[in-house]
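The values are calculated or read from the model by the stated rules, or taken from the named source; none is laboratory data. Being a predicted model, the structure only gives us computed values, none of them experimental. Using ideal geometry, Cβ is built from the backbone for each residue, glycine included, and neighbour counts are taken over all protein chains shown.
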Amino acid sequence: MMSDSKPPTMAIDGRDNSDNVINSASGTDSAAVMTAAAAATSGLSRSQKLQNPQESQESRESQKSQKPQKPPWYKRMFGADRKVKPGMLHRIWALPSIVLGLMFTLGPVCVIVAFSFMSRPDVGGGVKYQFSLDGYKKLLFREDFFGNSYFDGRYLQVFWTSLWMALVTTAVCVALAFPIALWISMRSAKAQRILVMLVTIPFWTNLIVRTYAWMLILNDNGPINQFTQRLGMGAHELLYTPVASLIGLIYTFLPFAVLPMYSALAGFDFRLVEAAYDLGATRGVVMRRIILRAARPGIASGIALCLIPAFGAYVQPVLLGGGRVLMVGNLISSQFSEARNWPFGSAISTVILVITLLAALIASAVGNRSARKAGIAS
Amino acid sequence: MNPQTTPVTKPPVAASGASAGAAPSAVISRDPAVERRESGLTINRARKTFISAEGKQVKAIDDVSLAINSGEFFIMLGPSGCGKTTLLRSIGGMETLDAGEIYIGNQRIDQLPPYERPVNTVFQSYALFPHMSVADNVAFGLEMEKKPKSEIRSTVADMLDLVHLADMGARRPSQLSGGQQQRVALARALAKKPKVLLLDESLSALDFKLRRQMQTELKRIQRETGITFIFVTHDQEEALSMGDRIAVFHNGRPEQVGTPEEIYDKPVDRFVADFIGDINFLSATKTGPNEVSIAGQRFNADSSVLSHAVGEDLTAAIRPERIDVVPQGSPVAAGRPTLTGTVTDAMFMGFDTRVHITLEDGQTVMTRVAPPFDAELIKPASRVQLVIDGLVRVVE
């Protein structure tokens, strides 16, 4: 690189007109305009990896090496760069969108986390700007009239119910989605486009409207009950039961399981199946060792996309479950409305956030590992 | 499955020589020669029809009968869409025949699922499992046979050794070059010790030099293992250099089956003559029992002329290397029938030069002149005489 012949201080003094800064910057971040937004969200991990300029100066002096110097992360992302390629917009123009994007993604989360550590005002909703862990304490402990704390499992029970519902939803969605995704991925290119569009049809209308449609279907006088009555099996109470809530959840999250699995299988080379048969593999082995293996990253993200939102689902338990089963989503909602305990609602939200984050990290680790093993990310 | 009861009356339809025009018979019979072979492959009256995108019926395999010897390097050669790959896939079990049978020795295999057939395939795309290491890829087929672990390990090592990839076992297929991937695919198929190995355009994805190298390798491996190889290709040079025998496919059936020399020197029809190598087609007339006239000159013809009547208009098929260019009045041409013409252009091709010559009657002849040659002789517009070596072959 050019910086080999330059004085090493040029790279770290932060002067933008230094050639080696520009070269190494444009070399590493040439697509920064496009990827800056994505990079910003994962910027934390990235900036940690980058060298601190002063540290690296010391280390370079001690090593006396001629290694090209990486500029600091903010310069690599947004640094003024005279050598913008012809026809390319300078990456600084991505900055407004990035700032706005950060405000929209991280802003509300920061507010919720901050609220969870504040105390409840004496009257009404909102928060008092005074540090307190009451919100988190209330999750596990109850205080009686005399100020004594007792362990209280009711809220844990709500978490457990939500998790159980979400797990059942996810299991059913994944089990249903895999054959659908496999079937779609084996159609012709044109048919695949149409079928994927059909899978996304539910996204065209509002979730609440669609849930109301389910209320009509599951109603005591709805088509299902009319059908069973005509068959002489009598009417069943469907609406306002946990089953109805589960049906609603499965219905809502099925496309979220189908789509990632389909995209994992869409690029699958079905000639590998032929090769496996040729080598003596039976159907079961082909499914287990070849097809499921290829679908694994899709299954991992399908699980994440079902489990995480289903855990905090709000609409289905209320409208279809009739609010008889208390789930985390309903609990949070009631803390901000009827109970007027904002710090507690925020604390529950923060706990969910942490759980979700951990789940997402595990899922992406699994996904990455299987992608690497499949030779995609090598 | 019952070779004892099948009548062995009818001779093989396409065991050798011309098969075109053999009258379809209602009696399905086996090739008696193949009956005695242990793992020779017999294809008997195979048919397969596809419905094309336009809704037309396409005969991919049109009443094909072939007998392939045990331990033979057999090549199915033909242009794309001639049915050679469909036939190969039918042997492997990736396609099912509409009619006919396929036997290996005495075992009928065309109704078995692919995983029960004693054949294995090296796919054109290699089809290596990307999530498995090279060694695991090779071991896959053996694991399916539930072989003991120690045996699998030693077989895998042997196979990787055979294809010169002994130290690549731990790598992923994506970390290998095309040629190396090709060898893994070969090792994976050979590890199963198939009776017949099917190779589907297996070298076509490789570049020229690597292909040459792999051709030699394949020949060596076939010799060392003694396995019957059936190799599908559209590359006639590859076919000629590798095959013990070649079947030239056209429109769903083999036009000619024979050794490379037979196919090259004695093509049975114009298609085969044209498909294999360079050739000149010149209009000719039969003038005697063993004689044809080309541009008014009489040449001795080979046996291909015997079935034609005197006075019939024919096509003479002459390879460029059989035509010598000599200056007019050269003593070489004295007393021999010669064609006279004018050089139109000469193209330097490296080891030789391609010369186009227009005959006096307007027909064009292409010939190859190898150095040393007189540069003046092949200059455009120079008048030359052409001497034909050997007998002239005619095709329909």
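Worth a mention:
- Unique residue being assigned by TED's automatic domain parsing to the domain that holds A:Leu319, among the hydrophobic types (A, V, I, L, M, F, W, C), within 25 Å of the chain's Cα centre (by Cα) and farther than 24 Å from A:Ser301 by Cα when the list is A:Ile208, A:Ile224, A:Ile180: A:Ile208
- Per the conditions (1) more than 13 Å from chain A (Cβ to nearest Cβ); (2) surrounded by 18 or more Cβ atoms within 10 Å (Cβ to Cβ); (3) over 30 Å from the mean Cα position of the chain (by Cα), the sole criterion not satisfied by B:Gly105 is (3).
- Considering the range A:264-284, the residues that are touching a Pro at 6+ places or on another chain (Cβ under 7 Å) and at the interface with chain B (Cβ under 7 Å from one of its Cβ atoms) include one that is nearest to A:Val174 (Cα to Cα), namely A:Tyr277.
- Pairs linking a residue in the range B:147-160 that is crowded, with 20+ Cβ neighbours inside 10 Å to a residue that is assigned to a loop (DSSP other than H, G, I, E, B), with Cβ atoms under 8 Å and 6 or more positions apart or on different chains, are B:Thr155/B:Lys147; B:Val156/B:Gly169; B:Leu160/B:Gly169.
- If the condition is being polar (S, T, N, Q) and without any contact (Cβ under 8 Å) to a residue 40 or more places away in the chain, then the range B:324-363 contributes B:Thr344, B:Thr353, B:Thr358.
- Residues of the range B:136-155 classified as in contact with a Leu (Cβ under 7 Å, 6 or more places away or on another chain) and more than 8 Å from every other protein chain (Cβ to nearest Cβ), total: 4
- Evaluation of B:Arg188 against (1) within 23 Å of A:Val285 (Cα to Cα); (2) surrounded by fewer than 24 Cβ atoms within 10 Å (Cβ to Cβ) (one fails), failing number: (2)
- Boolean, B:Val292 is touching a residue at least 12 places away in the same chain (Cβ under 8 Å) and assigned to a helix (DSSP H, G or I): no
- Across the range B:21-74, the qualifying residues are those that are farther than 19 Å from B:Leu87 by Cβ and at pLDDT 60 or above, and the one among them that is surrounded by the most Cβ atoms within 10 Å (Cβ to Cβ) is B:Gly71.
- Output for the range A:281-340, where each listed residue is on the phi > 0 side of the Ramachandran plot and touching a helix residue (DSSP H, G or I) at 6+ places or on another chain (Cβ under 9 Å): A:Gly322, A:Gly323
- Top-ranked residue of the range B:164-207 - restricted to ones that are part of a helix (DSSP H, G or I) and of a type in the set (Lys, Arg), ranked as farthest from the other protein chains (Cβ to nearest Cβ): B:Arg183
- Flag if B:Leu210 is in the same structural domain as B:Ala60 (by the TED database), modelled with pLDDT under 90, outside any loop (DSSP other than H, G, I, E, B) and not aromatic (Phe, Trp, Tyr): yes
- Any hit, the range B:373-380, residues being modelled with pLDDT under 85 and either of a type in the set (Lys, Arg) or within 25 Å of B:Asp265 (Cβ to Cβ) (or both): yes
- Options B:Met132, B:Met94; residue that is of a type outside the set (Gly, Ala, Ser), in a loop (DSSP other than H, G, I, E, B) and closer than 15 Å to B:Val196 by Cβ: B:Met94
- Residue in the range B:224-241 that is in contact (Cβ under 8 Å) with a residue 12 or more places away in the chain, in a strand (DSSP E or B), assigned by the TED database to the domain that holds B:Gln124 and of a type in the set (Ser, Thr, Tyr) present: yes
- Restricting the range B:255-294 to residues that are more than 19 Å from B:Asp361 (Cα to Cα) and among the aromatic types (Phe, Trp, Tyr), the residue that is surrounded by the most Cβ atoms within 10 Å (Cβ to Cβ) is B:Phe275.
To keep it simple, each residue is scored yes or no on (1) in contact with a Leu (Cβ under 6 Å, 6 or more places away or on another chain); (2) of a type in the set (Phe, Trp, Tyr).
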position: A:Val113; (1), (2): no, no
position: A:Ser119; (1), (2): no, no
position: A:Gly126; (1), (2): no, no
position: A:Tyr136; (1), (2): no, yes
position: A:Arg142; (1), (2): no, no
position: A:Arg154; (1), (2): no, no
position: A:Thr170; (1), (2): yes, no
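- Candidates in the range A:152-183 are the residues that are within 21 Å of A:Phe344 (Cβ to Cβ) and of a type in the set (Gly, Ala, Ser); of these, the one that is surrounded by the most Cβ atoms within 10 Å (Cβ to Cβ) is A:Ser162.
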